[in-house]
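**Student:** Shown below is the structure under consideration.
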Amino acid sequence: MEEPIEQLPYSDWVDQDLLTRELAGDLLDEEIAAERERLARLERGESGDDIVLSRADTQRRLAAMITVRDRVRTPGRR
């Protein structure tokens, strides 16, 4: 015999912990700036605990983040 599933007395939307397109764009802006700084340090021959990718992989990651950020910021696109 199956046990009944207890339904919570409130909607899943109560928490309102949603990532908006604007917030996603803002978070991507911050990460893009950080990635550009890591890339600049790599190009100067510097190292650090936060530099874990090669120069080529860092450039690809940066390009991908810029593409996604631009897509998020363009009205009507998903």
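A short reminder: the numbers here are calculations on the coordinates, not readings from a lab. Everything quoted here is computed from the prediction, not taken from an experiment.
**Student:** Per residue of the stretch 32-39, what does 6.51 cos²θ - 1.76 cosθ + 1.60 with θ = phi - 60° give for ³J(HN,Hα)? Whole Hz please, x for Gly and Pro, Karplus curve as stated.
**Tutor:** 5, 4, 5, 5, 4, 5, 4, 5
**Student:** Please compute the length gained on full extension between ARG60 and ILE32, using 0.36 nm multiplied by the number of residues separating them and subtracting their Cα-Cα distance. Write down the numbers at each step before the final one.
**Tutor:** Details: separation 28, 0.36 × 28 = 10.08 nm, distance 1.18 nm.
Roughly 8.9 nm would be gained on extension.
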